[in-house]
Amino acid sequence: MEAFTQLNGLAVPLDRANVDTDAIIPKQFLKSIKRAGFGPNAFDEWRYLDHGEPGMDNSQRPLNPDFPLNQPRYQGASVLLARENFGCGSSREHAPWALLDYGFRAIIAPSFADIFFNNCFKNGILPIILSAENVDTLFREVEATEGYKLLVDLTSQTITTPQGAVYAFEVDAFRKHCLLNGLDDIGLTLQHVNEIKAFEANRKASQPWLFN
Amino acid sequence: MSAKTLYDKLFDSHVVREENGTALIYIDRHLVHEVTSPQAFEGLKIAGRKLWRISSVLAVPDHNVPTTDRSQGIADPISRLQVETLDQNCSDFGVTEFKMGDDRQGIVHVMGPEQGATLPGMTVVCGDSHTSTHGAFGALAHGIGTSEVEHVMATQCLVQKKSKAMQVRVEGKLGLGVTAKDIALAIIGRIGTAGGTGYAIEFAGSAIRGLSMEGRMTLCNMAIEAGARAGMVAVDDTTIDYVKGRPYAPRADQWEAAIAYWRTLHSDEGAHFDAVVELKAEEIEPQVTWGTSPEMVTAVNGRVPDPAQENDPTKRGGIERALQYMGLTANTPIDQINIDKVFIGSCTNSRIEDLRAAAAVAKGKHVAPNVKLAMVVPGSGLVKAQAEQEGLDKIFKEAGFEWREPGCSMCLAMNADRLEPGERCASTSNRNFEGRQGPGGRTHLVSPEMAAAAAVTGHFVDVRQLLN
Ligand code: SF4
C-alpha cells in the first residue's frame, strides 16, 4: 500500500447524498479478478451516456457533460468532496480500488458508510469526516473557484483551503500509523502469532464444536 | 460484574489482543464467494502465505451463476472465469466448496445457516455486506472488504474497533400479511440508511422473539441497509431448534455443552445501549419502497411523497432525483403503480418460508397480463428441492411464474437475469439503488407476499385484501 502523508490536490464536488458502491463501480465490472484497472469505470453510469461493459474502449464512449468529473476544470482531481453516507451499500473493495485508480487519494464528507470507510484505509485513501456546515462551505468554495486545491496533511490532521482556512479532522491512531507508513495489516498482525495460537487453543478446549 | 449487551459478550469473548481501542478479534467462520475473493487468494499466493485454518472456510459461487439450464455452464466468459477462479483457488488451498450442480450450492447467506455452519456465539465474516444475516443466530457477523478477506485467511483475525450498541425493540404482534421484511423496511424508514452507522444493532422485543429463524435472518440481513455492519438477535429455543441436526452443528457428545453456553447469549437485564429505538408491531403495515434508497419507503396504503413538502434541500434534491429515476409522480397512491417484472429471491427472502408465503398468495391465480416476467429463485439447491417436495414449484408454474435454479440472480443482475431500462420490478431483495437490477431498472422492495400479490394483480396492492 502506498503511504499517505500530505496531498495538495484539486478538489471535485459530487453533490449527492447516499452515493452507494453500486454507483461508484457498477456490478458488471466486479467480474474482474484483478485489483487494478477500475478507474475508467468509476461512476460509470453517471459518467458516460451509454451503458458500459467490461472490455469496452472507454476513451471512445460518449461522456455526460453535466457530470463534474467530466468538466475540464476538474481534470486531475485527487480530492473528492462528497455528501453524507458516502459509500453505502455493498462491501465491494472494488469501490475504493476504482477511486484510487481514478486518482483520488482523499475523500471529504460529513459521514461515510462503515465498510467503505474501512476499505479506504486498506488502500491508501484517506476518508475525512468534517461537519456538514464545513462540508457545505467547501462545496460553495470549490464551485466558485476554478483550480481550487486543498492541502490535506495527515500528520497534523488538517485540511487547508486556498484562502488559508484550516479544518482539523479526527483519525484513529492505528489507522493513521498504518497509512503514514504504508503498512500492510497482515504483516503487523502476524507479529502476534503466538497470542493468536494461544487464543485459538483455548477456544478449541472450551468450544470444540467450532472446530469440527 | 456489570450487565453486558449481547454485542459486548460476543465481541469481548473474541478479543485476542487490544491496544488503544483497536482489537484483534478471532474469526470462527469465514464464508467465501467468487466476487470478493479472487484478489485475496492472489494476494496470499504472491506473499507465499497459507490459510490459517482451512476448516473455518466454506466457499460457494452465487453471484454469477445462471438460474436457467446449467448443463451448458456459464455463457458469459467473464462470469465463467470468475467462478472457475474460485474453483481453482479452493482446490489450490484445500477449501471446501459447494460447486454449481451440488444441491448445497446457493446464496452464501442461505447456505451457511442451512448447513449449520453459522452457530450461536460465533464470529462470522464474508466479503459481502449482507453477512449481517448470520447475526440472527446470536452470532457476531459482518461484511468485510477484500483486503480483510485476505487478512482473515492469513491470520484468522480481523482488526476491529468496537462499535456502539443500539437496541431496536419491536413489541406486540404483527398483523396478518405483515412480515419480517416489513419490520426491516419500517425500521429503515424510521432511522434512515445511515441511522445505524457506527452501531451494532440488537433486535429485541416480543415481535422479534415471535419470528422464526428465517424471519430473523431477513431482519438481520437488512441491518446493513440501516447502516449497521452487524445485526443480531438473542439465542432462544427457536435458535437452538433450528440448529439441531444440521451438518456442521455440534455433535451429539458436544450438544449439551454447546446449548448451555448458547443460552447465555442475550443482553443482561439493565445492560446499557447507546441508542434505543422502539416500534409497535401493530403499527407496521406492508411496506413498499418508492425511491432509490431503502429509506425511501412507505406503507402500501401511502403515496409517493411530494418533494415540495421537504424543507431540507439535500433531501429534497434526493427525492426529486429519485422520482425522476423511478418515473413516478408525486402524490401517486402506491397501489396505483403498475409493474413489469417480479423477482422473488435473494439472501433476504429466498428461504422455504418465503416461498411458501408467496405461493399461498399466488395459488389458484395467474400472473397479470401486463407483467412480462415473474420469477422465483430459491436461495439454495436444498431450498429448491424442499419446495418441489411440497409442490410449490407447481403452484408457481401454474400461476405463470418461472421457477429457477438457485443464486443471487436479479438481486444484483451480475448474471443474465436483469431489468431492461425503465422496467419496474416488485422485488424481495434488499437494495433499490439506481441500476441495481440492471441499468435504468426501477426496483421496489417488498415482502414475498407483497411481490406475489403484485404479480397477480399487475400493480402494488395491499396483500391483506387478497388474504382476507
Ligand atoms: S442475494 Fe443479493 S444481496 Fe444477497 S449476497 Fe447475493 S447479491 Fe448480495
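Among residues of the range B:91-109 that are open to solvent by less than 50 Å² (accessible area, probe 1.4 Å), those with a Cβ under 8 angstrom from a residue that is among the acidic types (D, E) and within 15 Å of the ligand (Cβ to nearest atom), sequence gap 6+ or separate chain, pair up as B:Q105/B:D62; B:G106/B:D62; B:G106/B:E114; B:I107/B:D62; B:V108/B:D62; B:V108/B:D128; B:H109/B:D128.
Taking the numbered list (1) of a type in the set (F, W, Y); (2) more than 11 Å from chain B (Cβ to nearest Cβ); (3) touching a residue at least 60 places away in the same chain (Cβ under 8 Å) in turn, A:F67 passes all entries but (3). Against the numbered list (1) under 20 Å from B:G195 (Cα atoms); (2) within 12 Å of chain B (Cβ to nearest Cβ); (3) acidic (D, E), A:D136 comes up short only at (1).
When the range B:365-400 is filtered for residues that are among the small types (G, A, S) and touching a Pro at 6+ places or on another chain (Cβ under 8 Å), the ones remaining, listed by number, are B:G379, B:S380, B:G381, B:A387. Listed here are the strands (runs of 3 or more DSSP E) enclosed by the range A:95-212 that have at least 2 residues being not hydrophobic (A, V, I, L, M, F, W, C) and not assigned by TED's automatic domain parsing to the domain that holds A:A77, and there are none.
Within the range B:174-190, the set of residues being of a type in the set (K, R) and closer than 16 Å to B:M217 by Cα comprises B:K181 only.
Residues of the range B:84-97 include at least one that is more than 24 Å from the chain's Cα centre (by Cα), away from the ligand (no atom under 15 Å from the Cβ), in the same structural domain as B:L158 (by TED's automatic domain parsing) and under 21 Å from A:G187 (Cβ atoms).
Scan the range A:10-37 for residues that are more than 10 Å from chain B (Cβ to nearest Cβ) and surrounded by fewer than 19 Cβ atoms within 10 Å (Cβ to Cβ) and the total you get is 2.
Regarding the range B:67-75, can at least one residue be identified that is open to solvent by less than 10 Å² (accessible area, probe 1.4 Å), over 18 Å from B:T131 (Cα atoms) and under 22 Å from the mean Cα position of the chain (by Cα)? Checking the range B:67-75: at least one residue is open to solvent by less than 10 Å² (accessible area, probe 1.4 Å), over 18 Å from B:T131 (Cα atoms) and under 22 Å from the mean Cα position of the chain (by Cα).
Using the structure shown, decide if B:S37 is of a type in the set (G, A, S), closer than 26 Å to A:H192 by Cα, in contact (Cβ under 8 Å) with a residue 40 or more places away in the chain and within 16 Å of the ligand (Cβ to nearest atom). Taking the combined requirement at face value, the residue satisfies it.
For the structure I just gave you, tell me whether B:S56 is crowded, with 21+ Cβ neighbours inside 10 Å, of a type outside the set (A, V, I, L, M, F, W, C) and modelled with pLDDT under 95. For B:S56, the condition - crowded, with 21+ Cβ neighbours inside 10 Å, of a type outside the set (A, V, I, L, M, F, W, C) and modelled with pLDDT under 95 - is not met.
How many residues are within 16 Å of the ligand (Cβ to nearest atom), farther than 19 Å from B:L445 by Cβ and either not hydrophobic (A, V, I, L, M, F, W, C) or not assigned by TED's automatic domain parsing to the domain that holds B:H459 (or both) when one looks only at the range B:379-393? The total comes to 3. Scanning the range B:201-255 for residues that are over 22 Å from B:N432 (Cα atoms), open to solvent by less than 20 Å² (accessible area, probe 1.4 Å) and within 10 Å of chain A (Cβ to nearest Cβ) yields a total of 3. In the range B:394-415, the condition of being of a type in the set (K, R), within 14 Å of the ligand (Cβ to nearest atom), open to solvent by 10 Å² or more (accessible area, probe 1.4 Å) and within 14 Å of chain A (Cβ to nearest Cβ) is met by no residue.
A:H51 meets each of the listed conditions (1) open to solvent by 10 Å² or more (accessible area, probe 1.4 Å); (2) within 8 Å of another protein chain (Cβ to nearest Cβ); (3) under 24 Å from B:D128 (Cβ atoms); (4) without any contact (Cβ under 8 Å) to a residue 40 or more places away in the chain apart from (3).
Of everything in the range B:422-432, what is in a loop (DSSP other than H, G, I, E, B) and open to solvent by less than 10 Å² (accessible area, probe 1.4 Å)? Give them in sequence order.
Taking the range B:422-432 first, the residues in a loop (DSSP other than H, G, I, E, B) are B:422-423, B:428-432.
Passing the criteria: B:T428, B:S429, B:N430, B:R431, B:N432.
Looking at B:G435, is it part of a loop (DSSP other than H, G, I, E, B), away from the ligand (no atom under 16 Å from the Cβ) and either open to solvent by less than 30 Å² (accessible area, probe 1.4 Å) or at pLDDT 95 or above (or both)? Taking the combined requirement at face value, the residue does not satisfy it. Residues that are within 11 Å of another protein chain (Cβ to nearest Cβ) and either of a type in the set (D, E) or surrounded by fewer than 18 Cβ atoms within 10 Å (Cβ to Cβ) (or both): does the range A:148-171 have at least one? No.
Selection of the range B:256-274 for residues being small (G, A, S), out of contact with any helix residue (DSSP H, G or I) (no Cβ under 9 Å at 6 or more places or on another chain) and away from chain A (no Cβ under 14 Å) yields only B:G270.
Would you confirm whether or not the range B:443-466 contains a residue that is open to solvent by less than 10 Å² (accessible area, probe 1.4 Å) and within 14 Å of chain A (Cβ to nearest Cβ)? Yes, the conditions are met somewhere in the range B:443-466. B:I46 - would you say it is in contact (Cβ under 8 Å) with a residue 40 or more places away in the chain, within 19 Å of B:A154 (Cβ to Cβ) and away from the ligand (no atom under 16 Å from the Cβ)? No, not satisfied. Screening A:P40 with (1) in contact with a Phe, Trp or Tyr (Cβ under 7 Å, 6 or more places away or on another chain); (2) more than 10 Å from chain B (Cβ to nearest Cβ) gives one miss only, at (1).
Inside the range B:114-132, residues that are out of contact with any Leu (no Cβ under 9 Å at 6 or more places or on another chain) and within 14 Å of the ligand (Cβ to nearest atom) make up a count of 3. Per the listing A:A95, A:A82, A:A42, A:A109, the residue uniquely open to solvent by less than 10 Å² (accessible area, probe 1.4 Å) and within 10 Å of the chain's Cα centre (by Cα) is A:A95.
The values are calculated or read from the model by the stated rules, or taken from the named source; none is laboratory data. The shown structure was predicted, so the numbers you read here are calculated from the model rather than taken from an experiment. Positions of Cβ are backbone-derived with ideal geometry, glycine not excepted, and every protein chain shown enters the neighbour counts. For accessibility, only protein heavy atoms count, side chains too; no ligands or nucleic acids. Shrake-Rupley method; radii C 1.70, N 1.55, O 1.52, S 1.80 Å.
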